[in-house]
Amino acid sequence: MSVRVQTEDFDAGAEIGRMRLARKDIGAVACFIGQVRDLNEGDKVAGMTLEHYPGMTEKALQAIVEQAGQRWDIYDTLVIHRIGELKPTDQIVLVIVAGAHRGEAFAACEFIMDYLKTEAPFWKKERTDQGERWVEAKSTDDAARDRWVKH
């Protein structure tokens, strides 16, 4: 289970291939790729800057991955999150989860993304026709995370 925060782009196909072929008992691989959109909240987006708190960010991502491993029977996980200057269609995040069965892999992948959106210390600043603005957390992201809370 690994986590990487980097400025460089990633090759999702190569990363999936490495994980898929690493073990013969893998029956399912679930993947999520997030990318920069060219429109947000009705405004055209020219680009985005992603900032993070080095050390703290990786630790938070690792904790999220470990939680997923405790909740579901999964074999391996990879999270890659980019930082720096990005433009529309650039990849931002890759989450890959491998396990014996699709249900576990899908659930763990979705859980990781829901927690990453709300718990990982990243800051996004968009460049729009209206100027620069910080992207605020959305209540829908909090609601997605909260559905995983065990009562």
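Taken together, the values in this text are just the output of simple stated rules run on the coordinates, not laboratory data. Everything numeric here is computed off the predicted structure, so don't read it as measured data. Note that each Cβ is placed from the backbone with ideal geometry, even for glycine, and that neighbours are counted across all protein chains shown.
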For the chain, how many pairs of lysine residues have a Cα-Cα distance under 21 Å, where the two are 8 or more positions apart or belong to different chains? 14
Using the per-residue mean of other Cβ atoms lying within 10 Å as a proxy for protection, in what order, highest first, do the peptides 5-12, 129-136, 96-103 fall? 96-103, 5-12, 129-136
If one computes the Cα centroid of the range 72-109 and of the range 1-54, what distance in Å separates the two points? 6 Å
For the range 1-65, what Kirkwood radius comes out of the mean inverse Cα-Cα distance, in Å? 14.9 Å
Under a Cβ-only charge scheme (Lys and Arg +1, Asp and Glu -1), can you give me the dipole magnitude of the range 11-151 about the Cα centre, in debye to the nearest 20? 300 debye
Given the convex hull over the Cα atoms of the chain, what projected area results after averaging over all orientations, in nm²? 9.1 nm²
